[in-house]
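Here it is, the structure, as structure tokens.
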Amino acid sequence: MIPTLMQTLKTLIIAEKPSVARDIARAVGAHRLAPGCLEGSTYRVTWAIGHLVTLPQPSDINMEWKNWKKETLPMLPKSWPLQVILQTKDQFNLIQQFMNYCNNIICATDAGREGELIFRYIYEAAQCNKPFKRLWISSLTPDAIQEGLKNLHEGSHYNGLADAARARSCADWLIGMNLSRTYSLTYGEKFFVGRVQTPTLALVVKRDLEIRNFQSENYYEILGKFSANPKGNSYEGYYLGAEDELKKENSTQAKRLPDDLISVQKRAERMRAGEAQIQSIEPKTLRQAPPQLYDLTELQRHANRLYDFSASKTLEIAQKLYSIKKTIAALKESKVEDKDRIIKGLEETYAEFELSFD
């Protein structure tokens, strides 16, 4: 018997995470909460919880790979089966049912390689063969979502992106599984090697060793004070190096001289005996574009500099603003023509704080 939920065939939209699904549901009028989805008269909006499907463990592909032995390396699967993640299997089962009982399918996972992979793995593991459309948007405002739904692409248009995503996923498996076992068996203790994890850790270790082995050295810099006449305006400038050195390095940093005070003083005395000359004047008219809107890293850096906020505190505030008023996401992602309307709304919302958005 078909559940009541399934009796009316609707267009199924699959988002990558619940928060995005809620935004899309509001935009399409799907307000009724049902198990694993939000429903409206026309649309049913459901969500993954990140990855619901993944590549299996080696032993689930070949039982000979269950035990860690050098003789079994390298492990090179002839095919790549998929495995539903146990912890989120209930949500996968619901999505599979929704796919079986729908008119149309719209992939609304994040617009990128990883988002494409999340949907394709669900689609394949559910053994779905219905055609699907792709919602490709970078903003989650209602207008942007509606505009995206009017301009859906055929799912096959992104087959190249899906192939690249699968290749990256399989490469991660090959590198991680084989090298983790190789290093563990070679050194007699468990190691976990990953395509991203291991190089990143290597960078951290390299920098830590540089800091640990750093030996401070004293040096001198020569600072000169220049003026056209004794009563005129003056300015300061650092000694950058000899003319032939500057031709090679083109440095604008003060030259660090060895810790030899007598030698430095002699060099400074020779400079005092000379006369400064303007070598060239090159006027330029520079055009500077307005600064980009904040990303999270720059926002955390600026908040720390201005208000001494920790990175975690700035993240917490940003997430609250995102969930309550969509302030940050709207400013970062919306089209230029929407900015005036958004800023006016912000001024009204936060009028009590007497903020200026000029």
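Read the figures in this text as sums done on the coordinates, not as results from a lab. The model shown is predicted, which means the values in this text are computed figures rather than measured ones. Positions of Cβ are generated from backbone atoms using ideal geometry, with glycine treated the same way; all protein chains shown enter the neighbour counts.
Which of the pairs Lys10/Lys133; Lys78/Lys190; Lys17/Lys133; Lys150/Lys320 have their Cα atoms more than 24 Å apart in this structure?
Values: Lys10/Lys133 14 Å; Lys78/Lys190 27 Å; Lys17/Lys133 18 Å; Lys150/Lys320 31 Å.
Violating the 24 Å limit, Cα to Cα: Lys78/Lys190; Lys150/Lys320.
Right, here's the next one. How much length would be gained if the chain were fully extended between Ala202 and Asn233, taking 0.36 nm per residue of separation minus their Cα-Cα distance, in nm to one decimal?
My answer for the length gained is 6.0 nm.
Once Rh is set to the Kirkwood radius over Cα pairs, what Stokes-Einstein translational diffusion coefficient, in µm²/s, holds for the range 185-299 at a temperature of 10 °C and a viscosity of 1.306 mPa s?
Working: Rh = 20.5 Å.
Stokes-Einstein gives a translational diffusion coefficient of 78 µm²/s.
Next question. Quick one: give the max-minus-min coordinate of the C-alpha atoms of the range 238-308 along each principal axis, largest first, in Å.
51, 34, 22
Could you tell me which of rounded, prolate or oblate describes the chain, using a ≥ b ≥ c as the square roots of the eigenvalues of the alpha-carbon gyration tensor, with rounded for a/c under 1.5 and, failing that, prolate when a/b is larger than b/c and oblate otherwise?
Since a/c reaches 1.5 but b/c is at least a/b, the shape of the chain is classed as oblate.
Taking neighbour counts of Cβ atoms within 10 Å as a proxy for exposure, in what order, fewest first, do Arg181, Arg256, Arg166, Arg272 appear?
So the ranking, lowest neighbour count to highest, is Arg272, Arg256, Arg166, Arg181.
Write down the percent of antiparallel bridges among all DSSP beta bridges whose residues are both part of the chain, to the nearest 5.
The answer is about 55 percent antiparallel.
Report the gain in length on full extension from Tyr322 to Glu269: 0.36 nm times residue separation, minus Cα-Cα distance, nm rounded to one decimal.
12.9 nm
Dipole of the chain, Cα-centred, from +1 at each Lys and Arg C-beta and -1 at each Asp and Glu C-beta, to the nearest 20 debye?
Using only the charged Cβ atoms, the result is roughly 740 debye.
Taking +1 at the Cβ of each Lys and Arg and -1 at the Cβ of each Asp and Glu, which of Leu306, Ile281, Cys170 sits farthest along the dipole of the chain towards its positive end, judged by Cα position relative to the Cα centre?
Farthest along the dipole direction, towards plus: Cys170.
In nm, to one decimal, how far is the Ile211 label point from the Gln83 one, both placed 7 Å along Cα→Cβ?
Those two pseudo-labels are separated by 3.7 nm.
Follow-up. Can you give the extra length, in nm with one decimal, that the chain gains between Thr285 and Lys150 once fully stretched, where that is 0.36 nm per residue apart less the Cα-Cα distance?
Values: separation 135, 0.36 × 135 = 48.60 nm, distance 4.46 nm.
Taking 0.36 nm per residue and subtracting the Cα distance, the gain is 44.1 nm.
What FRET efficiency, computed as 1/(1 + (r/R0)^6) with R0 = 56 Å and r the Cβ-Cβ distance, is obtained for Ser312 and Met75, rounded to the nearest 0.05?
The value I calculate is 0.90.
Now, a different point. Near the amide H of Ala34, under 5 Å away, which other amide H atoms are found, from residues 5 or more places off or on another chain, if H is placed in the peptide plane?
So Ala34 has HN proximity to Glu39.
Moving on. Across bins of 5 angstrom width beginning at 0, how are the C-alpha pair distances of the range 200-260 distributed, in whole percent?
With a bin width of 5 Å, the distribution comes to 4, 14, 13, 13, 14, 15, 12, 7, 3, 3, 2, 1.
Calculate I(q)/I(0) for the range 1-121 by the Debye formula, one identical point scatterer on each C-alpha and no solvent, and give its log10 at q = 0.14 Å⁻¹ to two decimals.
Computed log10 I(q)/I(0) values: -0.65.
For a quick check: sort Thr109, Thr88 by the number of other beta carbons within 10 angstrom, fewest at the front.
Going from sparsest to densest Cβ surroundings: Thr88, Thr109.
Additional query: What number, rounded to the nearest 500 deg cm²/dmol, is the helix-based mean residue ellipticity at 222 nm of the chain, given -39500 (n - 2.57) per DSSP H run of at least four residues and division by all its residues?
-13500 deg cm²/dmol
Using a simple spin-label model with points 7 Å from Cα along the Cα→Cβ vector, what separation in nm is obtained for Asn67 and Leu223?
Computed distance between label sites Asn67 and Leu223 equals 7.2 nm.
Mind checking which of Asn100, Leu33, Val45 is farthest towards the positive end of the chain's charge dipole, using Cβ charges of +1 (Lys, Arg) and -1 (Asp, Glu) about the Cα centre?
After comparing all options, I get Asn100.
Would you be so kind as to identify which of Leu246, Leu201, Ile211 lies farthest towards the positive end of the dipole of the range 191-258, taking Lys and Arg as +1 and Asp and Glu as -1 on Cβ and the Cα centre as origin?
Going by the charge dipole, the pick is Leu201.
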